[in-house]
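The values are calculated or read from the model by the stated rules, or taken from the named source; none is laboratory data. Since the structure is predicted, the reported quantities are computational estimates derived from the model, not experimental observations. Cβ sites come from the backbone with ideal geometry, for glycine too, and all protein chains shown count toward neighbours. Remember, those area values only see protein heavy atoms, side chains included, never the ligands or the DNA or RNA. Shrake-Rupley method; radii C 1.70, N 1.55, O 1.52, S 1.80 Å.
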Amino acid sequence: MRQAARILAIQTSGQGLVEITREVAGWAAGQGMTTGLLTVFCRHTSASLLIQENADPDVQRDLETWIARVAPESRDWIHQDEGPDDMPAHLRAALTGVQLSIPLIGGRLALGTWQGIYLFEHRRRPHRREVALHLLGD
Amino acid sequence: MRQAARILAIQTSGQGLVEITREVAGWAAGQGMTTGLLTVFCRHTSASLLIQENADPDVQRDLETWIARVAPESRDWIHQDEGPDDMPAHLRAALTGVQLSIPLIGGRLALGTWQGIYLFEHRRRPHRREVALHLLGD
Amino acid sequence: MRQAARILAIQTSGQGLVEITREVAGWAAGQGMTTGLLTVFCRHTSASLLIQENADPDVQRDLETWIARVAPESRDWIHQDEGPDDMPAHLRAALTGVQLSIPLIGGRLALGTWQGIYLFEHRRRPHRREVALHLLGD
(Lines give C-alpha, C1' and ligand atoms only; values in the text may rest on other atoms or scores of the structure.)
Protein backbone atom coordinates (compact mmCIF):
# COMPACT_ATOMS: atom_id res chain seq x y z
CA MET A 1 0.00 0.00 0.00
CA ARG A 2 1.31 3.45 -0.89
CA GLN A 3 0.29 7.08 -1.25
CA ALA A 4 0.65 9.90 -3.73
CA ALA A 5 -0.30 13.57 -3.36
CA ARG A 6 -0.27 16.64 -5.55
CA ILE A 7 -1.56 20.21 -5.60
CA LEU A 8 -3.37 20.98 -8.85
CA ALA A 9 -3.71 24.63 -9.94
CA ILE A 10 -6.85 25.57 -11.87
CA GLN A 11 -7.50 28.91 -13.54
CA THR A 12 -11.16 29.96 -13.53
CA SER A 13 -12.72 32.68 -15.68
CA GLY A 14 -15.43 33.85 -13.27
CA GLN A 15 -18.60 32.26 -11.90
CA GLY A 16 -19.41 28.82 -13.21
CA LEU A 17 -18.45 25.17 -13.41
CA VAL A 18 -15.03 24.10 -14.69
CA GLU A 19 -14.69 20.43 -15.54
CA ILE A 20 -11.53 18.89 -14.07
CA THR A 21 -12.28 15.19 -14.64
CA ARG A 22 -9.49 14.71 -17.17
CA GLU A 23 -6.79 16.32 -15.01
CA VAL A 24 -7.89 14.46 -11.89
CA ALA A 25 -8.45 11.05 -13.51
CA GLY A 26 -5.26 11.41 -15.54
CA TRP A 27 -3.18 12.07 -12.45
CA ALA A 28 -4.80 9.16 -10.62
CA ALA A 29 -4.22 6.78 -13.54
CA GLY A 30 -0.57 7.86 -13.69
CA GLN A 31 0.06 6.49 -10.17
CA GLY A 32 -0.25 2.94 -11.46
CA MET A 33 -2.57 1.63 -8.76
CA THR A 34 -5.37 -0.91 -9.20
CA THR A 35 -7.43 -0.40 -6.03
CA GLY A 36 -7.46 2.70 -3.89
CA LEU A 37 -9.17 5.83 -2.67
CA LEU A 38 -8.82 9.22 -4.35
CA THR A 39 -9.59 12.38 -2.39
CA VAL A 40 -10.04 15.75 -4.08
CA PHE A 41 -9.94 18.78 -1.79
CA CYS A 42 -10.59 22.43 -2.73
CA ARG A 43 -8.45 24.78 -0.61
CA HIS A 44 -10.87 27.74 -0.77
CA THR A 45 -14.02 29.07 0.89
CA SER A 46 -15.51 30.72 -2.21
CA ALA A 47 -15.11 27.85 -4.69
CA SER A 48 -16.26 24.27 -4.25
CA LEU A 49 -16.37 20.79 -5.80
CA LEU A 50 -19.23 18.92 -7.39
CA ILE A 51 -19.84 15.69 -9.25
CA GLN A 52 -22.47 16.23 -11.92
CA GLU A 53 -23.62 15.31 -15.40
CA ASN A 54 -21.01 15.98 -18.06
CA ALA A 55 -23.13 15.25 -21.13
CA ASP A 56 -25.53 18.19 -21.61
CA PRO A 57 -24.04 21.66 -20.88
CA ASP A 58 -27.58 22.86 -20.11
CA VAL A 59 -27.38 20.94 -16.82
CA GLN A 60 -24.45 23.09 -15.83
CA ARG A 61 -26.28 26.29 -16.76
CA ASP A 62 -29.34 25.26 -14.75
CA LEU A 63 -27.12 24.39 -11.79
CA GLU A 64 -25.65 27.89 -11.93
CA THR A 65 -29.12 29.47 -12.14
CA TRP A 66 -30.39 27.39 -9.25
CA ILE A 67 -27.52 28.03 -6.85
CA ALA A 68 -27.87 31.78 -7.47
CA ARG A 69 -31.47 31.50 -6.29
CA VAL A 70 -30.82 29.34 -3.24
CA ALA A 71 -27.84 31.44 -2.09
CA PRO A 72 -28.55 34.85 -3.62
CA GLU A 73 -26.70 38.12 -3.60
CA SER A 74 -28.41 40.37 -1.06
CA ARG A 75 -27.93 43.56 0.91
CA ASP A 76 -28.91 41.51 3.95
CA TRP A 77 -25.49 39.90 4.28
CA ILE A 78 -23.30 41.58 6.87
CA HIS A 79 -20.10 40.34 5.23
CA GLN A 80 -19.61 42.42 2.04
CA ASP A 81 -15.84 43.00 2.27
CA GLU A 82 -15.07 42.05 -1.30
CA GLY A 83 -18.35 43.06 -2.93
CA PRO A 84 -21.86 41.65 -3.44
CA ASP A 85 -20.57 38.29 -4.71
CA ASP A 86 -18.42 37.73 -1.59
CA MET A 87 -20.88 36.27 0.93
CA PRO A 88 -22.98 34.34 -1.65
CA ALA A 89 -19.72 32.67 -2.70
CA HIS A 90 -19.23 31.39 0.84
CA LEU A 91 -22.84 30.18 1.02
CA ARG A 92 -22.59 28.37 -2.31
CA ALA A 93 -19.32 26.73 -1.27
CA ALA A 94 -21.03 25.58 1.95
CA LEU A 95 -23.91 24.14 -0.07
CA THR A 96 -21.89 21.92 -2.38
CA GLY A 97 -18.83 21.31 -0.19
CA VAL A 98 -15.10 21.32 -0.82
CA GLN A 99 -14.22 17.63 -0.74
CA LEU A 100 -14.89 14.46 -2.75
CA SER A 101 -13.64 10.91 -2.24
CA ILE A 102 -13.86 8.47 -5.14
CA PRO A 103 -12.90 4.80 -4.97
CA LEU A 104 -10.46 3.41 -7.53
CA ILE A 105 -11.58 -0.07 -8.56
CA GLY A 106 -10.03 -2.25 -11.25
CA GLY A 107 -7.60 0.52 -12.14
CA ARG A 108 -10.36 3.08 -12.82
CA LEU A 109 -12.16 5.72 -10.77
CA ALA A 110 -15.62 4.39 -9.87
CA LEU A 111 -17.32 7.39 -11.56
CA GLY A 112 -20.56 6.54 -13.35
CA THR A 113 -20.97 6.97 -17.12
CA TRP A 114 -22.35 10.51 -16.87
CA GLN A 115 -20.41 11.74 -13.86
CA GLY A 116 -17.86 14.51 -14.25
CA ILE A 117 -15.82 16.25 -11.55
CA TYR A 118 -16.25 20.02 -11.47
CA LEU A 119 -14.65 22.93 -9.69
CA PHE A 120 -17.42 25.44 -9.00
CA GLU A 121 -16.13 29.03 -9.08
CA HIS A 122 -18.44 31.31 -7.07
CA ARG A 123 -16.63 34.65 -7.48
CA ARG A 124 -17.29 36.92 -10.45
CA ARG A 125 -13.65 37.55 -11.24
CA PRO A 126 -11.21 34.91 -12.51
CA HIS A 127 -9.20 33.15 -9.80
CA ARG A 128 -6.32 30.72 -9.58
CA ARG A 129 -7.62 27.87 -7.44
CA GLU A 130 -5.73 25.07 -5.73
CA VAL A 131 -7.10 21.56 -5.47
CA ALA A 132 -5.23 18.97 -3.38
CA LEU A 133 -5.24 15.40 -4.76
CA HIS A 134 -4.47 12.41 -2.55
CA LEU A 135 -4.43 8.77 -3.62
CA LEU A 136 -3.98 5.81 -1.32
CA GLY A 137 -3.92 2.24 -2.59
CA ASP A 138 -1.93 -0.46 -4.29
CA MET B 1 -3.32 -2.92 5.86
CA ARG B 2 -5.58 -4.12 3.06
CA GLN B 3 -8.49 -3.08 0.86
CA ALA B 4 -11.82 -4.47 -0.28
CA ALA B 5 -14.22 -3.10 -2.89
CA ARG B 6 -17.62 -4.00 -4.24
CA ILE B 7 -20.39 -2.60 -6.43
CA LEU B 8 -23.78 -2.81 -4.71
CA ALA B 9 -26.92 -2.75 -6.86
CA ILE B 10 -30.02 -1.13 -5.35
CA GLN B 11 -33.48 -1.14 -6.86
CA THR B 12 -35.50 2.00 -6.13
CA SER B 13 -39.26 2.40 -6.55
CA GLY B 14 -39.39 6.09 -7.48
CA GLN B 15 -38.63 9.30 -5.59
CA GLY B 16 -37.67 8.90 -1.94
CA LEU B 17 -35.17 7.59 0.56
CA VAL B 18 -34.09 3.94 0.56
CA GLU B 19 -32.23 2.81 3.66
CA ILE B 20 -29.10 0.83 2.82
CA THR B 21 -27.44 0.76 6.26
CA ARG B 22 -27.80 -3.00 6.68
CA GLU B 23 -26.33 -3.86 3.27
CA VAL B 24 -23.43 -1.44 3.67
CA ALA B 25 -22.62 -2.21 7.32
CA GLY B 26 -23.03 -5.95 6.68
CA TRP B 27 -20.56 -5.89 3.81
CA ALA B 28 -18.08 -3.84 5.86
CA ALA B 29 -18.37 -6.18 8.86
CA GLY B 30 -17.76 -9.16 6.58
CA GLN B 31 -14.28 -7.91 5.67
CA GLY B 32 -13.04 -8.73 9.18
CA MET B 33 -11.26 -5.46 9.87
CA THR B 34 -11.02 -3.64 13.21
CA THR B 35 -9.95 -0.14 12.15
CA GLY B 36 -10.46 1.40 8.74
CA LEU B 37 -12.24 3.81 6.45
CA LEU B 38 -15.37 2.95 4.50
CA THR B 39 -16.31 5.00 1.44
CA VAL B 40 -19.75 4.79 -0.17
CA PHE B 41 -20.03 6.29 -3.65
CA CYS B 42 -23.20 6.69 -5.74
CA ARG B 43 -22.44 6.33 -9.47
CA HIS B 44 -25.29 8.57 -10.66
CA THR B 45 -26.18 12.23 -11.17
CA SER B 46 -29.89 11.93 -10.33
CA ALA B 47 -29.64 9.93 -7.11
CA SER B 48 -27.53 10.74 -4.06
CA LEU B 49 -26.45 9.61 -0.60
CA LEU B 50 -27.45 10.90 2.81
CA ILE B 51 -26.91 10.04 6.45
CA GLN B 52 -30.05 10.81 8.42
CA GLU B 53 -32.28 9.75 11.29
CA ASN B 54 -33.51 6.20 10.94
CA ALA B 55 -35.96 6.18 13.87
CA ASP B 56 -39.03 8.21 12.83
CA PRO B 57 -40.15 7.73 9.19
CA ASP B 58 -41.73 11.22 9.38
CA VAL B 59 -38.22 12.67 9.19
CA GLN B 60 -37.78 11.01 5.82
CA ARG B 61 -41.10 12.32 4.56
CA ASP B 62 -40.24 15.87 5.68
CA LEU B 63 -36.84 15.58 4.00
CA GLU B 64 -38.58 14.65 0.75
CA THR B 65 -41.01 17.57 1.08
CA TRP B 66 -38.21 19.99 1.83
CA ILE B 67 -35.91 19.01 -1.00
CA ALA B 68 -38.80 19.33 -3.47
CA ARG B 69 -39.18 22.95 -2.32
CA VAL B 70 -35.50 23.88 -2.40
CA ALA B 71 -34.91 22.26 -5.80
CA PRO B 72 -38.36 22.36 -7.41
CA GLU B 73 -39.70 21.16 -10.72
CA SER B 74 -40.01 24.23 -12.95
CA ARG B 75 -40.49 25.25 -16.57
CA ASP B 76 -37.49 27.53 -16.02
CA TRP B 77 -34.98 24.71 -16.36
CA ILE B 78 -33.46 24.49 -19.82
CA HIS B 79 -32.58 20.81 -19.42
CA GLN B 80 -35.85 18.89 -19.69
CA ASP B 81 -34.66 15.95 -21.84
CA GLU B 82 -36.22 13.24 -19.71
CA GLY B 83 -39.19 15.16 -18.34
CA PRO B 84 -39.96 17.65 -15.56
CA ASP B 85 -38.25 15.52 -12.88
CA ASP B 86 -34.97 15.42 -14.83
CA MET B 87 -33.24 18.69 -13.88
CA PRO B 88 -34.59 18.81 -10.30
CA ALA B 89 -33.05 15.34 -9.84
CA HIS B 90 -29.62 16.76 -10.76
CA LEU B 91 -30.11 19.71 -8.41
CA ARG B 92 -31.14 17.47 -5.52
CA ALA B 93 -28.18 15.18 -6.11
CA ALA B 94 -25.89 18.25 -6.06
CA LEU B 95 -27.48 19.35 -2.78
CA THR B 96 -26.89 16.17 -0.80
CA GLY B 97 -23.86 14.79 -2.66
CA VAL B 98 -22.90 11.36 -3.93
CA GLN B 99 -20.21 10.29 -1.48
CA LEU B 100 -19.84 9.39 2.20
CA SER B 101 -16.79 8.27 4.18
CA ILE B 102 -17.33 6.60 7.54
CA PRO B 103 -14.54 5.51 9.90
CA LEU B 104 -14.50 1.93 11.19
CA ILE B 105 -13.43 1.94 14.84
CA GLY B 106 -13.35 -1.06 17.17
CA GLY B 107 -14.78 -3.28 14.44
CA ARG B 108 -17.87 -1.10 13.93
CA LEU B 109 -18.79 1.80 11.67
CA ALA B 110 -18.66 5.02 13.71
CA LEU B 111 -22.32 5.80 12.91
CA GLY B 112 -24.23 7.42 15.78
CA THR B 113 -27.21 5.72 17.42
CA TRP B 114 -29.80 7.36 15.15
CA GLN B 115 -27.79 7.55 11.96
CA GLY B 116 -28.84 5.51 8.94
CA ILE B 117 -27.32 5.49 5.44
CA TYR B 118 -29.79 6.29 2.66
CA LEU B 119 -29.80 6.26 -1.10
CA PHE B 120 -31.95 9.20 -2.22
CA GLU B 121 -33.75 8.48 -5.49
CA HIS B 122 -34.69 11.73 -7.24
CA ARG B 123 -36.37 10.36 -10.38
CA ARG B 124 -40.08 9.51 -10.43
CA ARG B 125 -39.64 6.12 -12.07
CA PRO B 126 -37.95 3.14 -10.42
CA HIS B 127 -34.25 2.77 -11.21
CA ARG B 128 -31.50 0.26 -10.65
CA ARG B 129 -28.73 2.21 -8.94
CA GLU B 130 -25.11 1.29 -8.37
CA VAL B 131 -23.23 2.20 -5.22
CA ALA B 132 -19.48 1.53 -4.99
CA LEU B 133 -18.18 0.41 -1.59
CA HIS B 134 -14.51 0.68 -0.65
CA LEU B 135 -12.94 -0.32 2.65
CA LEU B 136 -9.35 0.26 3.65
CA GLY B 137 -7.94 -0.85 7.00
CA ASP B 138 -6.65 -3.74 9.08
CA MET C 1 1.29 2.78 6.67
CA ARG C 2 -0.71 2.97 9.87
CA GLN C 3 -3.96 4.27 11.35
CA ALA C 4 -5.12 6.26 14.36
CA ALA C 5 -8.67 6.94 15.56
CA ARG C 6 -10.28 8.93 18.32
CA ILE C 7 -13.70 10.15 19.44
CA LEU C 8 -13.67 13.87 20.18
CA ALA C 9 -16.37 15.29 22.48
CA ILE C 10 -17.52 18.86 21.79
CA GLN C 11 -19.84 20.90 23.98
CA THR C 12 -22.08 23.30 22.05
CA SER C 13 -24.02 26.22 23.52
CA GLY C 14 -27.01 26.21 21.16
CA GLN C 15 -27.44 26.96 17.45
CA GLY C 16 -24.35 28.11 15.64
CA LEU C 17 -20.88 27.28 14.39
CA VAL C 18 -18.18 26.01 16.75
CA GLU C 19 -14.68 26.06 15.35
CA ILE C 20 -12.82 22.80 15.97
CA THR C 21 -9.81 23.32 13.69
CA ARG C 22 -7.30 23.47 16.54
CA GLU C 23 -8.53 20.28 18.23
CA VAL C 24 -8.68 18.36 14.96
CA ALA C 25 -5.40 19.63 13.47
CA GLY C 26 -3.65 19.24 16.83
CA TRP C 27 -4.73 15.60 17.13
CA ALA C 28 -3.69 14.91 13.52
CA ALA C 29 -0.27 16.55 14.02
CA GLY C 30 0.27 14.47 17.17
CA GLN C 31 0.17 11.23 15.16
CA GLY C 32 3.54 12.05 13.62
CA MET C 33 2.63 11.28 10.01
CA THR C 34 3.85 13.12 6.91
CA THR C 35 1.35 12.02 4.28
CA GLY C 36 -2.14 10.70 4.93
CA LEU C 37 -5.89 11.16 4.91
CA LEU C 38 -7.86 12.60 7.82
CA THR C 39 -11.58 11.89 8.09
CA VAL C 40 -13.83 13.83 10.46
CA PHE C 41 -17.25 12.30 11.09
CA CYS C 42 -20.12 13.83 13.11
CA ARG C 43 -22.15 11.10 14.85
CA HIS C 44 -25.45 13.04 14.89
CA THR C 45 -28.42 13.87 12.69
CA SER C 46 -29.07 17.38 14.06
CA ALA C 47 -25.52 18.74 13.96
CA SER C 48 -23.14 18.74 10.99
CA LEU C 49 -19.67 19.65 9.74
CA LEU C 50 -18.52 22.48 7.52
CA ILE C 51 -15.30 23.96 6.20
CA GLN C 52 -15.60 27.74 5.97
CA GLU C 53 -13.82 31.06 6.37
CA ASN C 54 -12.30 31.52 9.80
CA ALA C 55 -11.20 35.15 9.42
CA ASP C 56 -14.33 37.33 9.64
CA PRO C 57 -16.96 36.19 12.22
CA ASP C 58 -19.60 37.96 10.10
CA VAL C 59 -19.31 35.11 7.60
CA GLN C 60 -20.43 32.71 10.30
CA ARG C 61 -23.35 34.92 11.26
CA ASP C 62 -24.49 35.18 7.64
CA LEU C 63 -24.18 31.40 7.26
CA GLU C 64 -26.47 30.95 10.25
CA THR C 65 -28.99 33.47 8.86
CA TRP C 66 -28.94 31.80 5.46
CA ILE C 67 -29.39 28.23 6.61
CA ALA C 68 -32.36 29.31 8.74
CA ARG C 69 -33.99 30.63 5.57
CA VAL C 70 -33.24 27.64 3.37
CA ALA C 71 -34.33 25.10 6.00
CA PRO C 72 -36.79 27.09 8.12
CA GLU C 73 -38.81 26.25 11.19
CA SER C 74 -42.35 25.58 10.04
CA ARG C 75 -45.64 24.10 11.19
CA ASP C 76 -45.60 22.15 7.93
CA TRP C 77 -43.11 19.60 9.23
CA ILE C 78 -44.76 16.40 10.41
CA HIS C 79 -41.85 15.53 12.69
CA GLN C 80 -42.06 17.89 15.68
CA ASP C 81 -41.20 15.41 18.47
CA GLU C 82 -38.63 17.59 20.20
CA GLY C 83 -40.03 21.02 19.30
CA PRO C 84 -39.98 23.44 16.35
CA ASP C 85 -36.18 23.27 15.99
CA ASP C 86 -36.22 19.46 15.66
CA MET C 87 -36.98 18.91 11.96
CA PRO C 88 -35.10 22.01 10.70
CA ALA C 89 -32.05 20.61 12.51
CA HIS C 90 -32.29 17.42 10.44
CA LEU C 91 -32.71 19.43 7.22
CA ARG C 92 -29.73 21.64 7.98
CA ALA C 93 -27.57 18.62 8.81
CA ALA C 94 -28.61 17.08 5.46
CA LEU C 95 -27.66 20.31 3.69
CA THR C 96 -24.10 20.60 4.96
CA GLY C 97 -23.36 16.92 5.64
CA VAL C 98 -21.71 15.06 8.50
CA GLN C 99 -18.35 14.06 7.03
CA LEU C 100 -15.14 15.70 5.80
CA SER C 101 -11.93 14.15 4.44
CA ILE C 102 -8.80 16.28 4.35
CA PRO C 103 -5.45 15.17 2.89
CA LEU C 104 -2.33 15.47 5.03
CA ILE C 105 0.58 16.60 2.84
CA GLY C 106 4.08 17.51 3.98
CA GLY C 107 3.06 16.95 7.60
CA ARG C 108 0.18 19.47 7.46
CA LEU C 109 -3.52 19.28 6.68
CA ALA C 110 -4.10 20.62 3.16
CA LEU C 111 -6.51 23.30 4.47
CA GLY C 112 -6.28 26.63 2.65
CA THR C 113 -5.22 29.82 4.40
CA TRP C 114 -8.76 30.87 5.30
CA GLN C 115 -10.32 27.47 5.87
CA GLY C 116 -11.49 26.46 9.32
CA ILE C 117 -13.29 23.26 10.38
CA TYR C 118 -16.61 23.87 12.10
CA LEU C 119 -19.17 21.80 13.95
CA PHE C 120 -22.58 23.27 13.12
CA GLU C 121 -25.05 22.87 16.01
CA HIS C 122 -28.61 23.03 14.71
CA ARG C 123 -30.55 22.55 17.99
CA ARG C 124 -31.43 25.49 20.22
CA ARG C 125 -30.27 23.89 23.43
CA PRO C 126 -26.63 23.08 24.25
CA HIS C 127 -25.55 19.54 23.37
CA ARG C 128 -22.56 17.29 23.89
CA ARG C 129 -21.57 16.16 20.40
CA GLU C 130 -19.26 13.37 19.33
CA VAL C 131 -16.97 13.65 16.34
CA ALA C 132 -14.98 10.62 15.18
CA LEU C 133 -11.47 11.30 13.87
CA HIS C 134 -9.61 8.81 11.69
CA LEU C 135 -6.15 9.23 10.22
CA LEU C 136 -4.46 6.87 7.80
CA GLY C 137 -0.97 7.44 6.47
CA ASP C 138 2.73 7.22 7.15
Choose one answer from A:21, A:39, A:113: the residue with the largest mean-square fluctuation in a GNM of chain A with alpha-carbon springs under 10 Å.
-> A:113
Residues with beta-carbon under 13 Å from that of residue C:7, excluding residue C:7: net charge, scoring Lys, Arg +1 and Asp, Glu -1?
-> +3
Treating the beta-carbon of each Lys and Arg as +1 and of each Asp and Glu as -1, no other charges, what is the dipole magnitude of chain B about its Cα centre, to the nearest 20 debye?
-> 400 debye
Result for interface chain B to chain A, accessible surface buried in total, 1.4 Å probe, Å² to 100, stands at 2600 Å²
Taking protein heavy atoms only, a 1.4 Å probe, and rounding to whole percent, the accessible area of chain A owed to carbon and sulfur comes out at 44 percent
Rounded to a whole number, the mean other protein chain Cβ count within 10 angstrom for residues of B:32-39 is 4
Taking a quarter of the surface of the Cα convex hull of the protein assembly as shown, what do you get in nm²?
-> 17.7 nm²
Checked against the positive end of the charge dipole of the protein assembly as shown (+1 on Cβ of Lys and Arg, -1 on Cβ of Asp and Glu, about the Cα centre), the farthest of A:96, B:70, C:83 is A:96
When Lys and Arg each count +1 and Asp and Glu each count -1, what net charge do the other residues less than 15 Å away from residue C:130, Cβ to Cβ, add up to?
-> +4
If the label point is 7 Å along Cα→Cβ of residue A:7, which residues in segment A:45-66 have backbone nitrogen under 20 Å from it?
-> A:45-49
Per residue, how much accessible area does chain C have with a 1.4 Å probe, in Å²?
-> 38 Å²
Would you kindly calculate the translational diffusion coefficient of segment C:2-137, applying Stokes-Einstein with the Kirkwood radius from alpha carbon pairs, for 10 °C and a viscosity of 1.306 mPa s, and quote it in µm² s⁻¹ without decimals?
-> 102 µm²/s
Ordered by number, the trypsin sites (Lys or Arg not before Pro) in segment C:10-96 that occupy a DSSP loop and have at most 12 other Cβ atoms within 10 Å are C:75
Distances from residue C:68 to the same residue in each other copy, label points 7 Å out along Cα→Cβ, in nm, shortest first?
-> 2.8, 2.8
In Å, descending, principal axis extents of the Cα set of segment C:88-130 = 39, 20, 19
Once you charge only the Cβ atoms, +1 for Lys and Arg and -1 for Asp and Glu, what is the size of the charge dipole of the protein assembly as shown about its Cα centre, to the nearest 20 debye?
-> 1160 debye
How far is residue A:16 from itself in the other copies, in nm, if each label sits 7 Å out from Cα along the Cα-Cβ line, shortest first?
-> 4.1, 4.1
Rounded to the nearest 0.05, what FRET efficiency do residue A:34 and residue B:124 give with R0 = 51 Å and r taken as the Cβ-Cβ distance? Could you check?
-> 0.85
Between residue C:106 and the same site in the other copies, what are the distances in nm, shortest first, taking label points 7 Å from Cα along the C-beta direction?
-> 3.8, 3.8
